[in-house]
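> Provided herewith is a single structure, encoded as structure tokens, for subsequent inquiry.
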Amino acid sequence: MHNVTTGIPNPRRFLTLTTSSTIARGALLFACTFAYAESASPPNVVLILSDDQGYTDYGFMGHPEIETPNLDRLASESALFRRGYVPTALCRPSLMTLITGLYSHQNKTTGNDPANTSANKAHADRAGQPARELLISHIDKTGSLPKWLAEKGYVSHQSGKWWEGSYQRGGFTEGMTAGFPNPRGRHGDAGLRIGRDGLKPVTDFIDRSVAADKPFFVWYAPFMPHTPHTPPARLLEKYKAKGVHERIAKYYAMCEWFDETCGALINHIDESGIKENTLVLYVCDNGWIQTEQGSYAVRSKRSPHEHGTRTPLMFRWPGTIPAADRPELCSSIDFVPTILAAAGATGPHEFPGLNLLKELKSGKAIERDTLFGESFAHDIADIENPQASLLYRWVICGYDKLLLTYDGRPGKMTYPPQSGEPQLFDLQNDPGENENLASRNPERVKQLSAILNEWYVADERQAGRFAAAAPKADKSKRKP
Ligand SMILES: [Ca+2]
């Protein structure tokens with residue numbers, strides 16, 4: 001068994017799992033009733049990533065105002081998991097999990113930026129490189145999905161959000177982002193125009209790949225509905241006419257604008273004659289609750305609560321994965337092993353997520369009923385030590401959710417004040433997590449804490465307390 005606390009899993013065990021899953025897949029061909037044929041060629045893979053969108057904010061998720069006809073259609077054609085999650089509710093770590101198949105505490109990219117700390121300065125001085133470059137270099141060690149797919153002949157294209165240097169650094173064969181240290185290279189530069197300025201770079205790439213008869217991987221991560229909330233007037237006016245507050249209407253209109261771009265992408269795939277040989281996956285990197293003041297509610301983006309970590313997840317592969325409304329739990333940690341299995345590719349080690357291909361194809365229930373997640377400070381206190389910034393860990397077991405607080409360095413961004421006590425919620429009856437049941441159910445808290453420690457032990461942190469925000473650097477200098 002690998003020890004997840006030490007980082008990247010043991011490569012030997014991965015081979016064993018691959019062999020058994022290949023056998024299982026072969027048996028499934030005869031066992032399942034759904035008619036499909038094994039693809040002669042590996043499928044194209046298109047990953048659609050929303051940015052800062054609440055899990056409720058789609059037509060198919062029941063939102064009363066927001067219209068998302070294109071994603072509604074995708075949902076109706078997909079294996080749809082309404083109870084989907086990302087393990088970390090912040091952009092960069094959420095994306096790193098999607099590209100590495102590893103949790104943040106394993107790939108070490110726990111936040112968006114390196115904090116200005118003595119630990120990071122020491123790393124930078126020792127390496128003679130800026131801390132930001134050292135943070136990017138984590139992906140050189142973990143490897144990445146495009147590299148593993150390339151071994152099976154895939155070409156790949158990056159557009160939209162991308163934090164890990166250039167697209168080449170991530171193993172993409174084509175892309176839009178020059179990355180750090182180039183101007184505006186923090187999280188996407190030219191790539192951030194995708195969607196807002198149309199889809200030509202992506203559709204051109206698809207056309208070239210189809211013409212060359214190459215399997216392809218598309219990373220479509222537009223900066224949408226993310227701020228700046230600058231939707232077309234036609235969409236903004238539509239939501240204002242519904243009587244929605246203007247600041248909220250802008251966000252709603254951004255959700256629909258993003259939906260329109262997804263429709264354009266999916267229509268292009270379908271009209272290119274590759275619908276049946278293309279696996280489309282959908283996820284949002286973190287949640288969002290728009291406020292009338294123009295910011296986001298504390299229990300949304302960055303939060304370990306439901307409106308931070310929950311997202312619908314979808315897998316569309318017509319003729320291979322039957323459309324279904326799936327009641328099970330699912331996590332974006334499952335995307336990499338599932339994509340690799342679909343492509344007949346392998347990574348250099350086993351992954352903590354599940355290859356769901358068998359269950360997706362057969363409709364058979366996923367037996368796992370437990371998901372894990374973790375939250376770290378926005379700014380990383382120590383780029384080589386994930387626990388230095390650890391603030392929360394959570395486990396969902398069925399409908400019970402335990403949330404534990406840790407005393408990692410929160411950095412310059414503030415977090416909601418709280419006691420630090422364990423929080424236990426019944427998500428079935430209290431999806432808004434309003435009633436903390438921990439003090440009435442000490443045994444359940446103990447059980448779920450033990451399950452969290454089977455995941456990994458946060459041995460460098462004290463649970464049950466929250467560290468005070470770091471004093472502003474300029475103010476601390478003035479103190480005697
Ligand atoms: Ca985001």
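> Assuming R0 = 41 Å, what is the FRET efficiency of residue 126 and residue 237, from their Cβ-Cβ distance, to the nearest 0.05?
Computed FRET efficiency for residue 126 and residue 237 comes out at 0.15.
> Three principal axis extents, largest first, for the C-alpha atoms of segment 190-254, in Å?
50, 18, 15
> Reachable lysines from residue 242, Cα under 16 Å, same-chain residues fewer than 8 places away excluded?
In chain and number order, the partners are 250.
> Another question about this same structure. Amide H to amide H, which residues 5 or more places from residue 324 or on other chains are under 5 Å from it, using H placed in the peptide plane?
Under 5 Å from the amide H of residue 324 lie the amide H atoms of 78, 79, 80, each far enough along the sequence or on another chain.
> Give the relative contact order (percent, whole number) for the chain; include only Cα pairs under 8 Å separated by 6+ residues.
Working: 1048 pairs, mean separation 106.3, N = 480.
So the answer I get is 22 percent.
> Roughly what % of Cα-Cα distances in segment 42-369 sit above 33 Å, to the whole percent?
21 percent
> Which ³J(HN,Hα) values in Hz, rounded to whole numbers, follow from the phi angles of segment 64-74 under the Karplus curve 6.51 cos²θ - 1.76 cosθ + 1.60, where θ = phi - 60° and Gly and Pro get x?
Karplus-based 3J(HN,Hα) across segment 64-74 equals x, 10, 6, 9, 9, x, 6, 6, 4, 5, 4 Hz.
> Could you tell me which GluC sites (Glu not before Pro) in segment 319-376 are loop residues by DSSP with no more than 11 other beta carbons within 10 angstrom of their beta carbon?
Listed in order of number, the matching sites are 367.
> Further question on the same structure: Compute the Cα gyration tensor for segment 140-211, then decide on rounded, prolate or oblate, letting a ≥ b ≥ c be the square roots of its eigenvalues: rounded whenever a/c is under 1.5, prolate when a/b is larger than b/c in the other cases, and oblate in all that remain. It would help to have the intermediate numbers written out before the result.
Numbers: a/c = 2.73, a/b = 1.07, b/c = 2.56.
Oblate, because a/c is 1.5 or more while a/b does not exceed b/c.
> Then there is this: Can you give me the pair-distance distribution of segment 219-315, C-alpha pairs, 10 Å bins, whole percents?
In order of increasing distance, the bins hold 15, 39, 32, 13, 2 percent.
> Next up: Which value, in debye to the nearest 20, describes the size of the charge dipole of segment 372-478 about its Cα centre when Lys and Arg Cβ atoms bear +1, Asp and Glu Cβ atoms bear -1, and nothing else is charged?
The calculation lands at about 580 debye.
> To the nearest 0.05, what FRET efficiency results for residue 412 and residue 324 with a Förster distance of 41 Å applied to their C-beta separation? Could the numbers behind the result be given before it?
Numbers: r = 45 Å, r/R0 = 1.09.
Step by step, r from the Cβ atoms, then E = 0.40.
> Another question, then. Tell me whether segment 372-478 comes out rounded, prolate or oblate; compute the Cα gyration tensor, take square roots of the eigenvalues as a ≥ b ≥ c, and use a/c under 1.5 as the rounded threshold. Write out the running numbers ahead of the final one.
Numbers: a/c = 2.50, a/b = 1.78, b/c = 1.40.
Prolate, since a/c reaches 1.5 and a/b exceeds b/c.
> If you don't mind, another one. With only Lys, Arg, Asp and Glu charged, each at its Cβ (+1 for the first two, -1 for the last two), find how big the charge dipole of the chain is about the Cα centre; round to the nearest 20 debye.
1160 debye
Read-outs throughout are calculated quantities, based only on the coordinates presented, and are distinct from any laboratory measurement. The shown structure was predicted, so the numbers you read here are calculated from the model rather than taken from an experiment. Neighbour counts are summed over all protein chains in view; Cβ atoms, including those assigned to glycine, are modelled from backbone coordinates with ideal geometry.
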